[in-house]
Amino acid sequence: MSQQFDPNCLFCKIVSGAIPSKKVFEDEEFLAFHDINPWAPIHFLIIPKLHLPSMAQLEAEHAQMMGRLMVLAPKLALEQGASPYPQGGFRVVCNTGSHGGQEVHHLHMHVLAGPKPWVRG
Ligand code: 5GP
Ligand code: ZN
């Protein structure tokens, strides 16, 4: 069974409110908030409130939660101002582990959108 909360985890502290964030969306299962160092005109992160270090820890029991996360991303991208598909659209990035460029070890999906050029990506 996954650990629900890691007191040393930055994003668990954002979930608990101990560290403030610019919130995009919240329900019982997920929190979305603006990235502190955006690479694109629209750049927010969606995290499950459940502490999972990365996609590498996903098991079959998480499939429905991850499905809901994938369905939430396009909805929030449009709400945050992304232009509609196909002229607009968005990019999702889920860095996993050191070779994947992951810095914060609480599973998160980057959602990036808005007119190019972007700072990165
Ligand atoms: P990673 O490289 O792990 O996929 O991305 C972590 C992201 O979290 C980075 O884009 C970074 O800017 C963002 N980040 C790191 N610390 C904070 C913070 O305290 N607040 C917010 N809103 N974003 C953060
Ligand atoms: Zn965490």
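Structure values in brief
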{"item": "In the chain, lysine pairs with alpha-carbon atoms under 14 angstrom apart (chain gap of 8 or more, or interchain)", "result": "4"}
{"item": "Value at 222 nm in deg cm²/dmol, rounded to 500, when DSSP H runs of n ≥ 4 in the chain each add -39,500 (n - 2.57)", "result": "-6000 deg cm²/dmol"}
{"item": "Peptides 80-92, 59-71, 4-16 ordered by average Cβ neighbours within 10 Å, highest first", "result": "4-16, 80-92, 59-71"}
{"item": "By average C-beta atoms within 10 angstrom, highest first, the peptides 29-41, 45-57, 93-105", "result": "45-57, 29-41, 93-105"}
{"item": "Convex hull of Cα atoms in the chain, direction-averaged projection (nm²)", "result": "7.7 nm²"}
{"item": "Cβ-derived FRET efficiency at R0 35 Å, residue 118 paired with residue 16, nearest 0.05", "result": "0.70"}
{"item": "Solvent-accessible area of residue 42 with every protein chain in place, 1.4 Å probe, in Å² to the nearest 10", "result": "20 Å²"}
{"item": "Partnerless Cys - the chain, beta-carbon criterion under 4.7 Å", "result": "94"}
{"item": "Extension gain, residue 98 back to residue 28 (0.36 nm per residue minus Cα-Cα distance, nm)", "result": "22.2 nm"}
{"item": "Rough spin-label spacing in nm, given labels placed 7 Å along Cα→Cβ, for residue 60 and residue 79", "result": "3.2 nm"}
{"item": "Cα lying deepest toward the dipole's positive end in segment 10-108, options 83, 16, 106, charges on Cβ", "result": "83"}
{"item": "Given charges at Cβ of Lys, Arg, Asp, Glu: segment 58-121 dipole, positive-most of 121, 94, 73", "result": "121"}
{"item": "Unit charges on C-beta of K, R, D, E only; dipole of the chain, Debye", "result": "440 debye"}
{"item": "³J(HN,Hα) computed for each position of segment 35-49 - Karplus, 6.51 cos²θ - 1.76 cosθ + 1.60, integer Hz, glycine/proline x", "result": "5, 5, 10, x, 9, 9, x, 10, 8, 10, 10, 10, 10, x, 5"}
{"item": "Folded to 0 to 90 degrees: helix 63-79 orientation relative to the chain principal axis, Cα", "result": "30 degrees"}
{"item": "Computed over the chain: relative contact order in percent, which uses C-alpha pairs under 8 Å that are six or more apart", "result": "31 percent"}
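The values are calculated or read from the model by the stated rules, or taken from the named source; none is laboratory data. If you're wondering where the values come from, they're calculated on a predicted model, not measured in any experiment. Because the Cβ atoms are built from the backbone with ideal geometry, glycine has one as well, and the counts that use them run over all protein chains shown. These area figures cover heavy atoms from the full protein model, side chains too; ligands, DNA and RNA do not enter into them. Shrake-Rupley method; radii C 1.70, N 1.55, O 1.52, S 1.80 Å.
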